[in-house]
Structure formats: C-alpha cells, structure tokens
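The values are calculated or read from the model by the stated rules, or taken from the named source; none is laboratory data. Please read all numbers here as calculations on a predicted model, not as lab measurements. A quick note on method: Cβ atoms are made from the backbone with ideal geometry, for glycine too, and the neighbour counts reach across all protein chains shown. What goes into the accessible areas is simple: the full protein's heavy atoms, side chains included, and nothing from ligands, DNA or RNA. Shrake-Rupley method; radii C 1.70, N 1.55, O 1.52, S 1.80 Å.
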Amino acid sequence: MSPTKSDLHPLEYAVGKIMTQHALVTGGQRLLVGVSGGADSMALLHILASHARHRDFQLVAAYIDHGLRPQETPAEWACVHEAARRLGCMADQMAVDVRRAAAEKRQSLEQAARELRYRAFAELARKWGAERLAVAHTADDQVEEMLLRLFRGGGRRALSGMRLRSGHIIRPLLGVRKQELLAYLQEKQIAFCFDSSNNERHFLRNRIRLDLLPLLETEYNPGIRQALLKTAANLQQDEDLLEELLAQPWSEVVAFSPAGPAEAPSARLDRQAFGRLHPALQRRLVEKLLWMLGNIARYAQILAVQVSALQGQSGQELHLSQGLRVTVRRDALLFSYPRGRGSWRGRLHD
C-alpha cells in the first residue's frame, strides 16, 4: 500500500506523484542512485527511500570518486555510506581517473568526468542488477543546461533540455527548485557535503550559475528561469511530434551499427531517401543520428551534414568532434570513427 499524503513530507509526496504519473520506477526493481554527498543527491536518496518500501523497489547509493578533490572525497563517501546505512539501502563506490582520460582524449575535465561517471554507473548497475539509474538533476540544472547547450550551438533536441526519463536514466527532481531541496534537508536535518569545485569559475557551467543567471534575473527578467523552463517544455513537445513523424522513414534512410566490444558505432545514410524528407525532418534525423553515434549534435554540425547529404561531392569528408568522420559517397554518407574515439588530424582518404 502506498503512503498517504499525511505520511510523507510535502516534497516527498509531490515527487512520488511525478514518479507515478511518468512510471519512473516500478515494483520489484533495483534502482541505482547517483549520490555525490551534495545537497541535491542526498535529498534524492532520502526522497526515494521514503517510497521504496511501500512501492517495493530497492536502492543502491552509488558514489563516484573522480580523483579531482582528494581532500574532500573521504568525507563525501562517509556521508553517503552513513545515510544509506540509516535508510536501509545498499551503497557502493568506484574511482575513475578523470585527469588522465581528459589528457588522453584531449577533452575538458567536465566532459571527461561526465563520460567516466556514467560509465562507472553502468558498471555498478551491472554489478548490482539495477535496471534504472536515478540522478539528481533539478529545475535549476535544466535552466543551466539549456544556456550551456545554447552557447555550444546545440540543435532543437539539445535545447529541449533534459527529460524526466531518458532510456534507463530517470530524473525525479527535474521539476524541483534547488531552494526547495535545501529547505527539505534543513527541515529533515539531513547532513550533506559541499563540493568546492562548484565555485570554480573556469568551468562554464559555474559561471552561468554564479554570474550569468543572477545578472539576467537582476537586469533583464526576474522570471528568466521559468521562461526557459517553459521553452524547454514546448520544445520537448515539438521533439515528440518530430520523433513520431521520423519513425517511419528512419529505416529507409539510416542503417545503424551499434558499438561492439572493440568497435565504435557507425552508420550509413541513404542520400536519395534523405532528400525526400522535409528539411525539418532532415535536421531532426541528423541530430538523432549524431546523438546515437555518441557525438555532439551542434547546430553547425547538423547543417554541415545536411548540406553534404544534399549537395556533397563524392570523396569529400566532414571532420566532426571526437574523431567522427563523415565520408561522402555518390549514394550515401558513411559515418565512422576510423581511429576510435578521440581527436586526430588528417583526412581518412588522401
């Protein structure tokens, strides 16, 4: 029997309604919860724990040590481990070497950390038999992410923001403001840690949060956050429609080969079938394909692929990020990582 409104904190009850409406968790599942020890993820763990027994699902608190803040890591893991113990949850941790990965792949620390974090989550999910991963993205994170993607030239799908559910990843707090979570933690007297890197302004996301958003709210529009959230919601509806319209022609245009144990993903795009699509569907198809290939779907890249498919000459190449090459053939575009993922210079065929 599910807990009633009177049994739960108002925020726990509200998030529970979202979980039910969107079927984020079902009974009998084991759920991996990404918990850094910070305010958002500690609130998420406690909110999920308030529903776990009644909804018949199990929680595993997963802490990832990125190797970037060795002085803070022990306290964070201790905080996560103790909270899991008190809540009757399991807990596990995994260490990744972000600096090494960033240097080897010529990536930013942010990008390398994100890739390694989700790879570690995937390993822990297999270890514990977890079917879904819950992460603590909030409404404030959604706003920051939209601006970040806008600055990077993201396409329509990117600007539609994060979803409550993306495959096996769920975001139960996506409609909750940070200040609501802080009030919840204070009222429930839940301890959490502060990540000192959140104040480091060399990270673009931090500058957006600490400098740009306060400036926009003070000087331009006090309701900028809500306006951006409405924009994301509208774009998500547009994306849903485009996805429906794209479902039928997709198999006629794209032949996709997923990544194997030692191979990166690849794809073939039929130029003639692509040319019969409406331009909006062409761009949506390219964006989706780049995401499936694990690449960055920036608007400039989407347009470049679209133009190559419609007007490109056989033998031309596009050099996209992370080593992705698009080779133009008379009847098709071929997408591949000929040297694996990672930046490199030079043509594939001279």
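Residue check: Thr327 meets all listed conditions (1) part of a loop (DSSP other than H, G, I, E, B); (2) in contact with a His (Cβ under 8 Å, 6 or more places away or on another chain); (3) surrounded by 12 or more Cβ atoms within 10 Å (Cβ to Cβ) but one, namely (1). Screening segment 295-312 for residues that are touching a Lys or Arg at 6+ places or on another chain (Cβ under 9 Å) and open to solvent by 30 Å² or more (accessible area, probe 1.4 Å) and picking the one that is modelled with the highest pLDDT gives Leu310. Applying the criterion of being without any contact (Cβ under 8 Å) to a residue 40 or more places away in the chain and closer than 17 Å to Leu32 by Cβ to the residues of segment 169-187, the residue that is surrounded by the fewest Cβ atoms within 10 Å (Cβ to Cβ) is Ile169. Looking at the structure I just gave you, is Ser166 hydroxyl-bearing (Ser, Thr, Tyr) and either within 18 Å of Ser36 (Cα to Cα) or surrounded by 19 or more Cβ atoms within 10 Å (Cβ to Cβ) (or both)? So Ser166 fails the test. When Gly275 is tested against (1) modelled with pLDDT of 95 or more; (2) over 27 Å from Arg119 (Cα atoms); (3) surrounded by 14 or more Cβ atoms within 10 Å (Cβ to Cβ); (4) not polar (S, T, N, Q), just one condition goes unmet, and that condition is (3). Looking at Ala75, Ala49, Ala95, just one residue is without any contact (Cβ under 8 Å) to a residue 60 or more places away in the chain, in contact with a Gly (Cβ under 8 Å, 6 or more places away or on another chain) and over 27 Å from Arg163 (Cβ atoms), and that residue is Ala95.
Looking across segment 98-117 at every residue that is under 21 Å from the mean Cα position of the chain (by Cα) and free of Cβ contacts under 8 Å to residues at least 12 places away in the same chain, the one that is surrounded by the most Cβ atoms within 10 Å (Cβ to Cβ) is identified as Gln107. Looking at (1) among the acidic types (Asp, Glu); (2) modelled with pLDDT under 95; (3) open to solvent by 40 Å² or more (accessible area, probe 1.4 Å), find the lone condition where Glu287 falls short. The failed condition is (3). Within segment 332-344, one or more residues are open to solvent by less than 60 Å² (accessible area, probe 1.4 Å), at pLDDT 90 or above and either acidic (Asp, Glu) or farther than 26 Å from Lys105 by Cβ (or both).
Applying the criterion of at least 2 residues that are touching a Ser or Thr at 6+ places or on another chain (Cβ under 8 Å) to the helices (runs of 4 or more DSSP H) found wholly in segment 207-293 leaves 224-253.
Give me the residue from segment 194-243 that is touching a helix residue (DSSP H, G or I) at 6+ places or on another chain (Cβ under 9 Å) and of a type in the set (Asp, Glu) and, out of that set, nearest to Trp77 (Cα to Cα). Out of the qualifying residues, it is Asp195. One residue stands out in segment 24-76 among those that are open to solvent by 50 Å² or more (accessible area, probe 1.4 Å) and assigned to a helix (DSSP H, G or I): the one that is nearest to Arg86 (Cα to Cα), namely Arg53. Residues that are open to solvent by 40 Å² or more (accessible area, probe 1.4 Å) and outside any helix (DSSP H, G or I) within segment 196-206 comprise Glu200, Arg201, His202, listed in sequence order. Condition check for Leu245 on (1) under 30 Å from Ala103 (Cβ atoms); (2) open to solvent by 20 Å² or more (accessible area, probe 1.4 Å); (3) free of Cβ contacts under 8 Å to residues at least 60 places away in the same chain; (4) not charged (D, E, K, R): one failure, at (1). The residue that is modelled with the highest pLDDT, counting only those in segment 1-23 that are more than 21 Å from the chain's Cα centre (by Cα), open to solvent by less than 40 Å² (accessible area, probe 1.4 Å) and aliphatic (A, V, I, L, M), is Leu11. Does segment 173-180 include one or more residues that are basic (Lys, Arg), more than 28 Å from His9 (Cα to Cα) and either touching a Leu at 6+ places or on another chain (Cβ under 7 Å) or at pLDDT 95 or above (or both)? No, segment 173-180 contains no residue that is basic (Lys, Arg), more than 28 Å from His9 (Cα to Cα) and either touching a Leu at 6+ places or on another chain (Cβ under 7 Å) or at pLDDT 95 or above (or both).
Taking only segment 248-266 into account, find how many residues are among the aliphatic types (A, V, I, L, M) and surrounded by fewer than 17 Cβ atoms within 10 Å (Cβ to Cβ). Lay out the reasoning, then the answer.
To start, the set of residues in segment 248-266 that are among the aliphatic types (A, V, I, L, M) comprises 253-255, 259, 262, 264.
Going one step further and asking which of them are surrounded by fewer than 17 Cβ atoms within 10 Å (Cβ to Cβ), we end up with 255, 259, 262.
Final tally of qualifying residues: 3.
The requirement of being touching a residue at least 12 places away in the same chain (Cβ under 8 Å), open to solvent by 70 Å² or more (accessible area, probe 1.4 Å) and at negative phi is not satisfied by Arg132.
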